[in-house]
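Below you'll find the structure, written out as structure tokens, and then a few comments.
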Amino acid sequence: MSPTKFVVSPLAGALALAISLPTLAAPAPVPQAKDVEGVEVHGQRVQKASSGKYTANLRDTPQTVTVIDRNTIDGQNLLSLQDILSTLPGITFGAGEGGGGFGDKINLRGFDATNDITVDGVRDSGMYSRTDPFNLESVEVVNGANSVYSGAGSVGGTVNLVSKSAGLNEFHKASIAAGTDAYARFTSDSNFVLGEGTALRLNTMAHQNDVPGRDVEDNQRWGVAASLGFGLGSDTSWTLSYLHQSDDNTPQYGLPFFNGDVLPGIDRGNYYGYSNIDRQEVELDSLTSVIEHSFNERFKLRNLTRWQQVDQFSLVDAVQGTWCLGNNLTPTGASCGSTRPGNYTPSGPRGYGRDTRNTTLYTQTDLTATFNTGTIEHNLVAGFSVLHEKFDLDVTSDFRNPDGTNPFLAGLPQMNIANPDHIYRGPLNRTLTGRTEGELDNRAIYVFDTLKFNEQWQLSLGARYERNEGKTSIANVVLAPTAANQPLPAQPIGTVTGYGVPFKNNDDLFSYRAGLVYKPVENGSVYVAYGNSKTPSKASVNGSCTIETCSVDPESAVNYEIGTKWDFLEGRLAFTGSVFRNERKNYKVADPANPLNPSGLQQLDGRARVDGVMLGLSGLLTDNWAAYANYAFLDSEVLQGASNRQSQLGLDYIRGDRLLNVPEHSFSLWTTYDLSPKWQIGYGATYQGKIWLTQHSATNVNGPLTTYGSYWTHRAMVAYKISRQAQLQLNVNNLTDEEYFTRVRNNGWATPGDGRQVVLSANFSF
């Protein structure tokens with residue numbers, strides 16, 4: 001199908017081309033001004049996903065692939081990966097856990113996808129916060145079992161970040177913005193054509209803001225990205241890209257949260273850590289080389305090689321401890337002990353530091369070929385990849401005396417629950433309390449092919465074999481006494497005395513996917529697809545691998561999907577819909593007190609399922625009105641939550657429960673309307689339905705389960721075009737100042753969603 005040409009005003013055109021659903025996206029073309037009053041935008045819908053492993057156009061790909069393009073990101077002023085993903089239904093976020101690291105924790109279609117984040121198709125497994133999209137062209141969300149494309153992973157899907165790169169279209173853009181809550185931002189994006197086939201793209205960013213609705217948390221960061229291309233547009237090209245970003249943020253844990261709500265008398269802005277020491281510092285460096293050679297129109301060879309290093313230091317004080325209410329009882333009904341009514345005694349991860357380094361070295365080579373076997377057309381990609389990752393973690397405690405002993409064995413100072421004193425005044429001496437080193441090697445070969453039988457029928461196939469080898473080594477560290485009457489150890493506290501026997505995991509994994517597509521007409525398709533995923537115990541370099549799990553076979557899951565994709569109004573409006581089942585066939589569960597399992601190994605007896613429906617509409621409803629809407633329905637269930645032995649004894653208490661943090665209903669909308677050639681307005685809404693925070697247990701066999709209720713958020717935009725080179729844009733996020741929570745950890749803490757924020761941006765192109 002030939003590309004479609006749109007001629008509309010700048011923002012409407014951009015948003016009309018933006019994909020909300022599996023099949024549509026704007027390629028973020030650079031608008032070419034034609035007159036003073038309006039801008040004639042020449043663009044075309046993204047025809048394929050960024051990865052060459054997708055051998056069919058998106059409309060004919062038998063899988064739900066959602067693309068959020070650059071124009072959509074800018075139009076809604078989305079500032080982090082979590083902001084971007086929060087505009088899609090069916091995605092939620094996990095709470096920051098002190099022991100597991102602070103960063104992006106994603107729940108996709110009901111299952112954890114934290115380790116399924118990629119950048120340009122390359123695994124990005126570091127646990128850190130991806131806070132800025134300044135160097136992104138788009139974000140692709142590939143739903144369903146996706147191990148065949150990106151390697152060992154989960155059944156929920158993959159989130160792929162697509163980087164900007166040099167091209168042969170010269171342009172220069174800049175934006176400066178200011179807003180409430182100390183918001184200040186500057187970005188620039190320039191592409192210089194240096195000669196025939198040579199170009200340099202340079203992106204810069206500087207940003208700061210206080211978190212809206214919060215009294216303490218703030219974010220500061222800067223970044224620079226350069227991409228240098230040689231031989232662009234010729235048979236042989238080489239692009240070398242470098243990215244650096246530096247963050248200095250305050251970790252957000254939020255407010256004390258019990259039984260589905262915050263404690264009474266809590267102000268949304270309260271801070272329960274120690275604001276004078278809590279911080280999150282991130283340094284990201286990435287160097288990528290892409291070499292492409294076309295032998296002819298039918299054969300192409302491509303190699304991507306990347307080195308990346310992410311350093312993160314976080315010092316956190318989680319919202320954890322004893323909360324004594326006015327009735328002299330804790331929220332769970334227990335006695336307060338020494339904690340006074342109306343007070344809070346901090347405990348748990350306090351002065352807890354995690355100093356991590358994730359290093360990735362990756363190379364991937366693909367051969368793309370188009371050919372015929374008789375009357376069957378083939379679009380085939382075959383290739384191999386080699387990945388080596390290293391992970392280093394130092395766990396520290398800052399609340400120590402100079403000799404490493406703990407001055408707070410009797411407990412930290414109490415705080416007032418309603419008005420917490422968030423200034424730490426005790427001794428600060430960083431002391432090593434743990435060290436972990438991890439390595440992961442993954443070698444894979446794969447092949448993908450789309451077989452086109454005729455104009456109505458085609459079959460997409462994919463297979464991947466990979467060898468996954470990982471190990472985790474834990475240091476022996478001299479620790480401080482845990483009681484006042486215990487003697488000091490012979491060696492200095494914090495000394496590493498050696499390493500234990502490393503936990504190793506080696507697995508051979510085979511993943512596959514197949515989809516049959518029927519096209520009754522050119523502008524529509526109907527498909528049925530099936531795929532699997534394999535998740536080894538050492539699925540990521542920083543993942544846990546213990547004596548109970550490391551030698552357990554890989555978990556497996558399958559995805560069934562039936563869907564349809566249609567274009568209407570001469571390609572200006574698109575509808576997509578799918579019905580799917582994601583099923584974890586087996587996952588690890590504990591097997592306590594089993595005489596037949598003396599090793600204590602976890603068993604692959606767990607099973608869970610999510611049945612779902614996704615619907616969406618995007619494009620131009622009229623010449624001046626663009627809309628982007630999605631709806632997701634997720635019906636989740638634990639089929640078995642205990643080992644077979646525990647289940648036979650009647651001890652599987654969570655069988656039949658819903659999965660945690662999975663909304664049954666969710667919805668998102670973004671729409672814009674051109675009032676005139678100079679004025680445009682936009683409105684967005686997001687709805688998340690009720691989620692379950694607890695499941696049944698031995699102490700709550702038949703009792704009620706804790707939930708967190710549904711909420712709506714709204715946002716608005718007004719844009720005014722001064723000239724071809726200048727535009728003003730006003731964004732209001734959380735228009736009604738709705739009080740809601742994300743990243744909920746029941747009987748612990750929850751992070752308040754951002755309060756209302758107003759931002760005015762001045763955007764220039766020249």
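The values are calculated or read from the model by the stated rules, or taken from the named source; none is laboratory data. The shown structure was predicted, so the numbers you read here are calculated from the model rather than taken from an experiment. Using ideal geometry, Cβ is built from the backbone for each residue, glycine included, and neighbour counts are taken over all protein chains shown.
Just a few scattered comments:
- Unique match (being assigned to a strand (DSSP E or B) and of a type outside the set (D, E, K, R)) among Val148, Val139: Val139
- The one condition in (1) touching an Asp or Glu at 6+ places or on another chain (Cβ under 7 Å); (2) part of a loop (DSSP other than H, G, I, E, B); (3) of a type outside the set (Lys, Arg) that Gln680 fails to fulfil: (2)
- Only a single criterion out of (1) at pLDDT 85 or above; (2) closer than 28 Å to Arg464 by Cα; (3) of a type in the set (Lys, Arg) is not satisfied by Arg59, namely (1).
- Residue match in region 307-320 (condition: among the hydroxyl-bearing types (Ser, Thr, Tyr) and more than 17 Å from Pro251 (Cβ to Cβ)): no
- For region 151-187, taking the residues that are touching a helix residue (DSSP H, G or I) at 6+ places or on another chain (Cβ under 9 Å) and in a loop (DSSP other than H, G, I, E, B), the one that is farthest from Ile91 (Cα to Cα) is identified as Lys164.
- Matching residues in region 313-323 - criterion: being among the hydroxyl-bearing types (Ser, Thr, Tyr) and buried (at least 21 other Cβ atoms within 10 Å of the Cβ): Ser314
- Selection from region 358-378 of residues that are in contact with a strand residue (DSSP E or B) (Cβ under 6 Å, 6 or more places away or on another chain), closer than 20 Å to Ser460 by Cβ and surrounded by fewer than 20 Cβ atoms within 10 Å (Cβ to Cβ): Leu367, Ala369, Thr370, Phe371, Ile376, Glu377, His378
- Pairs, first more than 16 Å from Pro256 (Cα to Cα) in region 323-334, second surrounded by 12 or more Cβ atoms within 10 Å (Cβ to Cβ), C-beta under 9 Å, six or more apart: Asn327/Pro341; Asn328/Cys336; Asn328/Arg340; Asn328/Pro341; Ala334/Thr322
This table checks each residue for (1) out of contact with any strand residue (DSSP E or B) (no Cβ under 6 Å at 6 or more places or on another chain); (2) touching a residue at least 40 places away in the same chain (Cβ under 8 Å); (3) buried (at least 22 other Cβ atoms within 10 Å of the Cβ).
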position: Leu255; (1), (2), (3): no, yes, no
position: Asn259; (1), (2), (3): yes, yes, no
position: Pro264; (1), (2), (3): yes, yes, no
position: Tyr274; (1), (2), (3): yes, yes, yes
position: Ser286; (1), (2), (3): no, yes, yes
position: Ile291; (1), (2), (3): no, yes, no
position: Lys300; (1), (2), (3): no, yes, no
position: Asn303; (1), (2), (3): no, yes, no
position: Asp311; (1), (2), (3): no, yes, no
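- Within region 407-511, strands (runs of 3 or more DSSP E) holding 2 or more residues that are buried (at least 17 other Cβ atoms within 10 Å of the Cβ) and either touching a residue at least 60 places away in the same chain (Cβ under 8 Å) or more than 27 Å from the chain's Cα centre (by Cα) (or both): 431-452, 457-477
- Options Asn57, Asn135, Asn143: the member that is closer than 24 Å to His207 by Cβ, among the polar types (S, T, N, Q) and over 12 Å from the mean Cα position of the chain (by Cα): Asn135
- Val718, sole failed condition from (1) without any contact (Cβ under 8 Å) to a residue 40 or more places away in the chain; (2) out of contact with any Leu (no Cβ under 8 Å at 6 or more places or on another chain); (3) assigned to a strand (DSSP E or B): (2)
- Subset of region 65-80 [polar (S, T, N, Q) and in a loop (DSSP other than H, G, I, E, B)]: Gln76, Asn77, Ser80
- Search result, residues across region 324-342 that are loosely packed, with under 12 Cβ neighbours inside 10 Å and closer than 14 Å to Asn747 by Cβ: Thr332, Gly333, Ala334
- Residue satisfying all of: in region 709-729; touching a Lys or Arg at 6+ places or on another chain (Cβ under 7 Å) and either under 28 Å from Ser86 (Cβ atoms) or at pLDDT below 95 (or both); surrounded by the most Cβ atoms within 10 Å (Cβ to Cβ) among these: Gln727
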